[in-house]
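For reference, the structure discussed in these notes is given below.
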Amino acid sequence: EKVKVTILSGQGELDSSYLSKVLANNAYETEEVSLLSGKISDDSQFVIMYAPTQDIDADVFETLTNWLYNDGNYGHSLLYIPNDHATDELPNIEALLDEWGMSVQKGYVFETDTSHMTNPQQPYLITIYDYADETYTKALKEKNIPVVMLYTMPISIKDEDKAKAILTTSESAVLMPLNADENWDYNDEKPQTLNGAVVSTQGTEDKK
């Protein structure tokens, strides 16, 4: 029985055709739905917001909130991938993330630890991440394969009772502004551990 994944459209998302192909090749069933005119299938377990450039409206916000709550049964998952080229403010998306204890920082991960770089000439482009907790490595066949991401917008945890880091940088990373110019110097920024990916759960002990 295939797990169904719903990929949202209608908010100026990136082209998700390759993502759909990858999911299909890994035995997932996918559908594309615009919540402006359609609805999430009853048997869908995952919803993906694939780098939207426009905000969701109040109705879509309510639809997603209710879908995640699932009449108190929970068990649904939303994957949000931020878009660094979103030109408009996204207050409703930000409010949705806030309800789940997190927010997207306005900048890029700029790694300064050479052990976490694949290309020291452009350290913020491709960064090697650490697993924040062994909980996320239990099912991996090979735990030593590095996780790399590029142009990462880090995620702040606002409520530690809800949200936990999955992937983190070294302690030497800094936040590079989205609009940084040639005069920006990473030495002027405070080194810190940044979160490349965060997971949040809500629900009863047996329904999350």
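Summary table
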| item | result |
| --- | --- |
| Hz values of 3J(HN,Hα) by residue in the range 155-171 - Karplus curve (6.51, -1.76, 1.60), Gly and Pro given as x | 10, 8, 8, 9, 9, 6, 6, 10, 10, 9, 6, 9, 10, 10, 7, 6, 6 |
| Signed unit charges on C-beta, dipole axis of the range 1-101, positive-most listed residue I56, L14, L36 | L14 |
| Contact order normalised by residue count of the range 113-207, Cα under 8 Å, 6+ apart, percent | 29 |
| Under 18 Å from K106, Cα to Cα: lysines that are on another chain or at least 8 residues apart | K158, K190 |
| Accessible surface of the chain, 1.4 Å probe, proportion on carbon and sulfur as whole % | 46 |
| Rg followed by Dmax, in Å, when the chain is reduced to its Cα trace | 17.9, 54 |
| For the range 59-126: relative contact order, % (alpha-carbon pairs under 8 angstrom, 6 or more apart) | 19 |
| 222 nm mean residue ellipticity, helices alone, for the chain (DSSP H n ≥ 4; -39,500 (n - 2.57); rounded to 500) | -4000 deg cm²/dmol |
| Rounded, prolate or oblate (a/c below 1.5 giving rounded, otherwise prolate when a/b exceeds b/c) for the range 92-166 by Cα gyration tensor | oblate |
| Cβ charges +1 (Lys, Arg) and -1 (Asp, Glu), total dipole of the chain, debye | 720 |
| Coil-residue GluC sites (Glu not before Pro) of the range 1-59, DSSP, other Cβ within 10 Å capped at 12 | E1 |
| T53 accessible area, 1.4 Å probe, all protein chains in place, Å² to nearest 10 | 30 |
| Contact order relative to length of the chain, as percent, for alpha carbon pairs under 8 angstrom and 6 or more apart | 18 |
| Rounded, prolate or oblate (a/c below 1.5 giving rounded, otherwise prolate when a/b exceeds b/c) for the range 1-100 by Cα gyration tensor | oblate |
| Eligible lysines near K2 by straight Cα distance, threshold 18 Å, same-chain separation 8 or greater | K21 |
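The values are calculated or read from the model by the stated rules, or taken from the named source; none is laboratory data. The model shown is predicted, which means the values in this text are computed figures rather than measured ones. Note that we place each Cβ from the backbone using ideal geometry, even for glycine, and neighbour counts take in every protein chain shown. Each accessible area value is taken on the protein alone, full model and side chains, heavy atoms only, with ligands, DNA and RNA left out. Shrake-Rupley method; radii C 1.70, N 1.55, O 1.52, S 1.80 Å.
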